[in-house]
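Read through the structure below, which is laid out as structure tokens, and then see the notes.
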Amino acid sequence: MKFPCRLDKFVSHVQELPRSKVKIGIKKGLAVVNGVTISKADYSIGQDDLVEWDQTPLVYLGKRYYMLNKPTGYVCANQDDLHPTVFELLDEPNLKDFHVAGRLDLDTTGLVLITNDGDWSHQITSPKKQKYKTYLVETQEALTEEALEQLRQGVALHNEKNLTQPAIAEQLDKYALRLSICEGKYHQVKRMLAAVGNKVVELHRENVAGIELDTQLAAGEYRLLSDTEVNIINAR
């Protein structure tokens with residue numbers, strides 16, 4: 001929300017009420033700004049104005065940033081007719097204004113960043129920004145040094161003209177690796193492993209652009225990002 005803004009828009013946003021209902025309430029004298037009852041819906045308010053609605057102070061929370069430890073079975077969408085969404089795991093106001101900064105597949109777990117700051121999320125998702133996302137990958141077949149080197153050099157994905165950008169691939173054991181990529185193609189990690197003759201069994205994202213998943217968060221839990229974590233995105 002940008003300030004200055006209309007009184008009815010502000011109340012509607014914070015209270016999650018239809019604009020038409022807010023306008024009726026304003027005419028009835030429910031809106032008070034800096035101690036003065038306001039009867040005009042288009043009255044302009046600033047970010048520092050004190051607004052009350054029906055004797056209740058309203059607080060605009062501004063830009064917010066959350067990390068979620070996504071479990072399997074949830075989609076990274078605001079609405080979905082077939083599956084529960086990650087937003088159903090958040091008990092926060094005004095979630096209609098939020099979006100996921102870098103989606104995960106239904107069966108992929110781990111770090112999801114959720115925000116109402118479009119400029120901030122663009123820093124993460126834009127291919128030009130070259131932000132790495134790091135995944136723990138369990139594979140069906142044993143990993144070979146040849147396959148790892150292919151991932152590091154870039155591989156040809158099915159129906160793609162260009163090779164993927166070089167990845168950082170670290171073998172953890174015979175069937176597991178840590179893979180960092182700076183692109184966000186559809187099902188990219190799964191397709192990359194398929195391109196080297198393997199298959200992903202489990203996929204977990206642990207880092208996005210330098211923001212590490214909090215190990216204290218159980219699957220389905222979330223928390224606000226710290227100021228330091230928020231600023232990592234713009235610092236890189």
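The values are calculated or read from the model by the stated rules, or taken from the named source; none is laboratory data. Small disclaimer: the values here were computed from a predicted structure and weren't measured. Here Cβ is always computed from backbone atoms with ideal geometry, including for glycine, and neighbour counts include all displayed protein chains. In case anyone asks, the SASA skips ligands and DNA or RNA and just uses the protein heavy atoms, side chains included. Shrake-Rupley method; radii C 1.70, N 1.55, O 1.52, S 1.80 Å.
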Check your understanding: Of all residues in the stretch 215-231, which are open to solvent by 40 Å² or more (accessible area, probe 1.4 Å) and either basic (Lys, Arg) or in contact (Cβ under 8 Å) with a residue 12 or more places away in the chain (or both)?
Key -> Ala218, Ala219, Glu221, Tyr222, Arg223, Leu224
Point to revise | Number of the condition not met by Leu172 [criteria: (1) part of a loop (DSSP other than H, G, I, E, B); (2) more than 21 Å from Lys129 (Cα to Cα); (3) not aromatic (Phe, Trp, Tyr)] | key: (1)
Review point. Would a scan of the stretch 212-230 turn up a residue that is farther than 27 Å from Val86 by Cα and either not in a loop (DSSP other than H, G, I, E, B) or not assigned by the TED database to the domain that holds Pro71 (or both)?
Key: no
Check your understanding: Do you know which of the residues in the stretch 87-115 that are of a type outside the set (Ser, Thr, Tyr) and in contact with a Lys or Arg (Cβ under 6 Å, 6 or more places away or on another chain) is surrounded by the fewest Cβ atoms within 10 Å (Cβ to Cβ)?
Key -> Gly110
**Study point:** Pairs with Cβ under 7 Å, 6+ apart, first in the stretch 185-200 and under 13 Å from Thr144 (Cβ atoms), second open to solvent by 60 Å² or more (accessible area, probe 1.4 Å) and in a loop (DSSP other than H, G, I, E, B)
**Key:** Leu193/Lys199; Asn198/Gln140; Asn198/Glu141
Review point. Taking into account only those residues within the stretch 75-86 that are open to solvent by less than 60 Å² (accessible area, probe 1.4 Å) and free of Cβ contacts under 8 Å to residues at least 12 places away in the same chain, which is farthest from Ser226 (Cα to Cα)?
Key: Pro84
Study note, to complete from the structure: Condition set buried (at least 18 other Cβ atoms within 10 Å of the Cβ) and in contact with a helix residue (DSSP H, G or I) (Cβ under 7 Å, 6 or more places away or on another chain), scope the stretch 60-74, selection farthest from Thr108 (Cα to Cα): answer is Tyr65
**Study point:** Check on Glu202, open to solvent by 90 Å² or more (accessible area, probe 1.4 Å), part of a strand (DSSP E or B) and farther than 22 Å from Asp119 by Cα
**Key:** yes
Check your understanding: If we keep just the residues of the stretch 211-236 that are in contact with a helix residue (DSSP H, G or I) (Cβ under 6 Å, 6 or more places away or on another chain) and at pLDDT 95 or above, which is nearest to Lys174 (Cα to Cα)?
Key -> Ile211
Point to revise | Of all residues making up the stretch 1-25, the number that are part of a helix (DSSP H, G or I), open to solvent by less than 30 Å² (accessible area, probe 1.4 Å) and out of contact with any helix residue (DSSP H, G or I) (no Cβ under 6 Å at 6 or more places or on another chain) | key: 4
Review point. Could you list, in sequence order, the residues of the stretch 118-169 that are under 28 Å from Tyr66 (Cβ atoms), open to solvent by less than 70 Å² (accessible area, probe 1.4 Å) and assigned to a strand (DSSP E or B)?
Key: Lys133, Thr134, Tyr135, Leu136, Val137
Revision key, fill the gap. Val189 vs (1) open to solvent by 40 Å² or more (accessible area, probe 1.4 Å); (2) assigned to a helix (DSSP H, G or I): all pass except (1)
**Study point:** Selection from the stretch 77-104 of residues that are outside any loop (DSSP other than H, G, I, E, B) and closer than 24 Å to Leu203 by Cα
**Key:** Thr85, Val86, Phe87, Glu88, Leu89, His99, Val100
Practice item. Among the residues of the stretch 13-39, write down those that are under 23 Å from Lys96 (Cβ atoms) and of a type in the set (Gly, Ala, Ser). Key: Ser20, Gly25, Ala31
